[in-house]
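J.: Shown below is the structure under consideration.
The values are calculated or read from the model by the stated rules, or taken from the named source; none is laboratory data. Predicted, not measured: the structure shown is a model, and the values here were computed from it. Here Cβ is always computed from backbone atoms with ideal geometry, including for glycine, and neighbour counts include all displayed protein chains.
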Amino acid sequence: MLLVLAQTVAIWAEIRRYTTGVDVFVANLDNSVEWWWHMGPRPMLTVVITSLAFAALLGAVLWQVHSLRRAAPLGVVPTAAAASAPQVEVTAPREPAFTDQIDRAEPAGES
């Protein structure tokens, strides 16, 4: 909840900087707008939309982390990459077949 509040204040301050400038202090960014486009959402609606989107994203991430921890054995916390990565067997690379022929070849002029 504190992260959502901090993000809301940060977005509000950033939009205030570009709409009214730092010389005017108003809580409602829709009042005394010096710059904003004429179509689309107003400045305060933009703050509300971005704050709700951030809260939803944070909630989804926390839900995912919580479900991963519940599914893991005690003391083991899997990462998202490890949980979804396929198990691949790693083997040593095989040397190309042509090296066998080169090693067995006789040097030129020794026959």
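J.: Does region 21-43 hold any residues that are hydrophobic (A, V, I, L, M, F, W, C) and within 19 Å of residue 54 (Cβ to Cβ), and which are they?
T.: Passing the criteria: only 29.
J.: Scan region 36-54 residue by residue and report those that are in a loop (DSSP other than H, G, I, E, B) and either within 27 Å of residue 1 (Cα to Cα) or within 31 Å of the chain's Cα centre (by Cα) (or both).
T.: 36, 37, 39, 40, 41, 42 - these are the residues of region 36-54 that are in a loop (DSSP other than H, G, I, E, B) and either within 27 Å of residue 1 (Cα to Cα) or within 31 Å of the chain's Cα centre (by Cα) (or both).
J.: For the subset of region 66-75 comprising residues that are part of a loop (DSSP other than H, G, I, E, B) and either of a type outside the set (Gly, Ala, Ser) or within 15 Å of residue 8 (Cα to Cα) (or both), which member is modelled with the lowest pLDDT?
T.: 74
J.: Return the residues of region 1-20 that are over 14 Å from residue 53 (Cα atoms), among the polar types (S, T, N, Q) and assigned to a helix (DSSP H, G or I); say none if nothing qualifies.
T.: 19
J.: So, residue 63, is that one out of contact with any helix residue (DSSP H, G or I) (no Cβ under 9 Å at 6 or more places or on another chain), outside any helix (DSSP H, G or I) and either touching a residue at least 40 places away in the same chain (Cβ under 8 Å) or not aliphatic (A, V, I, L, M) (or both) or not?
T.: Here the answer is no, as residue 63 does not meet what is asked.
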